[in-house]
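J.: First, the structure itself, so that you have it in front of you.
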Amino acid sequence: MFDVNEIRKDFPILQREVYGKPLVYLDNAATSQKPRIVIQALTDYYEQYNSNVHRGVHALSMEATDKYEEARHKVAKFIGAPKAESVIWTRNTTESINLLAMTWGRDNILPGDEIVVTQMEHHSNHVPWQKVAQDQQAVLKVIPLTKEGTLDVSDIDSYITPKTKLVAFCHVSNSLGTINPVKMLTKKARAVGAKVLLDGAQSVPQMPVNVKELDCDFMAFSGHKMMAPTGIGGLYVKMDILEEMEPFMRGGEMVLEVWNDRATWNDLPMKFEAGTPNIADAIAMGAAVDYLSDLGMDNVRKHEAQLTEYALTEMQKIEEIDLLGPMDVDIRGGILPFHNSEIHPHDLGTFLDREAIAIRTGHHCTMPLMRAMGLVATARASLYVYNTEEEVDKLVSVLKDALRYFGDGAKRAKRTR
Ligand code: C6P
């Protein structure tokens, strides 16, 4: 394992104070903090070899191209992709899924086909499929949840049927923390000839993820949740599918030859990367992957599971709140949503903020899930590799102060499950 206090020294922002108090950053599911080597990779690019990729014959351009493609290799290896070309750079998970929906989705989902998502999807993995279903006269099916916040697979064969073309689901839910049974769902999808899209936005940062072992056809992920800058992410597509897919955007870099009336496409992955790409952030994502690989993703997950277990134990002692999501850390990531029906989560979030504790409040871009749970919003703390038990203690202690401050109503309001 690693020494968390040593790790913290690598993140300049964790040394800062907010309102004169040490920052307790527990909003990692929204975006993670960045280690110095990632920030340095950005500076190095702009100070030493800033230039365009795949275009120039000059030294700077070749250096930038090498570093940019090297980063793709690192990311591919990190997620277990057999080939670097099967990873397309995008801005984030949202863009990855939209790219897939507008290319593969439109070309392969036909009238009467079925797309299956789950009740815990982020809007990014729900709304694009609504659009494909509407446009293609296909049917969108939603796998429901148990009251523990896991997928209710008791009737799974009525959701994944011979009409299913795609099963799209999050590996880890951003609103519940639930780790979904990828292998089981993939097996079900395979049995009916459907493809599988994994939303890895919350899992790739937190645990070893290997697309080959998981046998998914597509996986979307965001750099900014795994220590890389904002504005860079990836879409993994199985090579044989990617070779058949039509381009998403058309323009420079993605073409091989262009005539007045037609064009042919460049090799993979350039075929899907029209225009000047986000070079600096891609290279910095390579640095983020180096950092995480040095820590070891097994260790990252172990730390997360231990801290989550600790946080769940401590937070369960607070009578006035409901903790949402499964209580078994084997099927839970470091995401801790909680709720009290008498106190708006924004009030709790603001109270915590005054003590320099950063959490997220709201619907977390999962409105269908909130609706299914009969809630409008929750408060959510989310952990990462640099968080400590002391920070969890601080959260618990200030949360108790908040509940006292907002009064007796808080106590009465605990929902009965
Ligand atoms: N969830 C959260 O606070 P983007 O914004 O494209 O990088 O990621 C979208 C996304 C897709 N799927 C899951 C499971 C996610 O958690 C997210 C982002 C953030 O929960 C911002 S809403």
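What follows is calculated from the coordinates using simple rules that are stated; it is not laboratory data. All values derive from a computational prediction rather than experimental measurement. Ideal geometry is used to build each Cβ from the backbone, glycine not excepted, and the neighbour counts take in all protein chains shown.
J.: Amide H of A29: which non-local residues (sequence gap of 5 or more, or other chain) have their own amide H closer than 5 Å, using H built in the peptide plane?
T.: Residues meeting the criterion, in which the H sits 1.01 Å from N, are S382.
J.: Calculate the spin-label point distance for V396 paired with K9, positioning each point 7 Å from the Cα along the beta-carbon direction, and give it in nanometres.
T.: 2.9 nm
J.: Describe numerically, in nm with one decimal, the distance between label points set 7 Å from Cα along Cα→Cβ at L110 and at Y46.
T.: It is 5.1 nm.
J.: Under a straight-distance cross-link criterion of Cα-Cα below 14 Å, which aspartates and glutamates are reachable from K34, leaving out those fewer than 8 residues away in the same chain?
T.: Leaving aside aspartates and glutamates fewer than 8 places away in the same chain, those within reach of K34 are D10, D281, D290.
J.: With θ set to phi - 60°, apply the Karplus curve 6.51 cos²θ - 1.76 cosθ + 1.60 along segment 307-320 and write out the HN-Hα couplings as whole Hz, x wherever there is a Gly or Pro.
T.: 5, 5, 4, 4, 5, 5, 4, 5, 6, 5, 6, 7, 4, 6
J.: Normalising by the residue count of segment 38-293, find the relative contact order in percent from Cα pairs under 8 Å and 6+ residues apart. Mind showing how you got there, number by number?
T.: Numbers: 498 pairs, mean separation 64.8, N = 256.
Over segment 38-293, the number comes to 25 percent.
J.: Cross-link list K74/K163; K77/K195; K67/K183; K225/K394: which exceed 29 angstrom alpha carbon to alpha carbon?
T.: Listed pairs above 29 Å: K74/K163; K67/K183.
J.: Below 11 angstrom from the Cβ of T361, what's the summed charge of the other residues (Lys, Arg +1; Asp, Glu -1)?
T.: It works out to a net charge of -1.
J.: Hey, another quick one. I need the phi-derived Karplus couplings for segment 196-204: 6.51 cos²θ - 1.76 cosθ + 1.60, θ = phi - 60°, integer Hz, Gly and Pro marked x.
T.: Running phi through 6.51 cos²θ - 1.76 cosθ + 1.60 with θ = phi - 60° gives 10, 10, 9, 8, x, 3, 9, 8, 4 Hz.
J.: Only bridges whose two residues both fall in segment 38-293 count here: according to DSSP, what percent of them are antiparallel, nearest 5?
T.: 45 percent
J.: Under 13 Å from a point placed 7 Å out from the Cα of I37 along the Cα-to-Cβ direction: which residues of segment 261-286 have their backbone N that close?
T.: Residues 284-286 fall inside that zone.
J.: Next up: Please identify every one of the trypsin sites (Lys or Arg not before Pro) in segment 239-314 that sits in a loop by DSSP and has no more than 11 other beta carbons within 10 Å of its own beta carbon.
T.: Working: sites: R250, R262, K271, R301, K302; in loops: R250, R262.
Taking segment 239-314 and a limit of 11 other Cβ atoms within 10 Å, the loop trypsin sites (Lys or Arg not before Pro) found are R262.
J.: Name the long-range amide H neighbours of L140: under 5 Å, sequence gap of 5 or more, or other chain; modelled H, no Pro or chain starts.
T.: Distant-sequence amide H within range of L140: I115.
J.: Given the -39500 (n - 2.57) contribution per DSSP H run of 4+ residues, what per-residue ellipticity at 222 nm results for the chain, rounded to the nearest 500 deg cm²/dmol?
T.: -10500 deg cm²/dmol
J.: Additional query: Enter the Cα centre distance for the pair segment 118-156 and segment 159-210, rounded to the nearest angstrom.
T.: First find each Cα centre; the distance between them is then 11 Å.
J.: Rounded to two decimals, what is Rg over Rh for the chain when you use alpha-carbon atoms and the Kirkwood radius? Display every interim value, and only then the final one.
T.: On the way: Rg = 22.1 Å, Rh = 22.4 Å.
With Rh from the inverse mean 1/r over Cα pairs, Rg/Rh is 0.99.
J.: Moving on. Filter the chymotrypsin sites (Phe, Trp or Tyr not before Pro) in segment 201-309 to those in DSSP coil with at most 11 other Cβ atoms within 10 Å of their Cβ, and list the result. Let's see the in-between values first.
T.: Values: sites: F218, F221, Y236, F248, W259, W265, F272, Y291; in loops: F248, W259.
Those that pass, being in a loop and sparsely packed, are W259.
J.: What is the dipole size for the chain, taken about its Cα centre, with +1 at each Lys and Arg Cβ and -1 at each Asp and Glu Cβ, in debye to the nearest 20?
T.: Charge dipole, the chain, about its Cα centre: 800 debye, nearest 20.
J.: Show me the trypsin sites (Lys or Arg not before Pro) within segment 96-154 that DSSP assigns to loop and that have at most 10 other Cβ atoms within 10 Å of their Cβ. Display every interim value, and only then the final one.
T.: Numbers: sites: R106, K131, K141, K147; in loops: K147.
Sparse-neighbourhood loop trypsin sites (Lys or Arg not before Pro): K147.
J.: From the phi angles alone, apply the Karplus equation (6.51, -1.76, 1.60; θ = phi - 60°) to segment 162-177 and give each ³J(HN,Hα) in whole Hz, x where the residue is Gly or Pro.
T.: x, 7, 5, 9, 8, 10, 10, 8, 7, 6, 10, 6, 6, 9, 10, x
J.: L256 to A30: extension gain in nm, 0.36 nm per residue of separation minus the Cα-Cα distance?
T.: Fully extending the segment from L256 to A30 adds 77.5 nm.
J.: Which lysines, if any, have their Cα less than 18 Å from the Cα of K271, not counting same-chain residues under 8 positions apart?
T.: Result set, ordered by chain and number: K83, K238.
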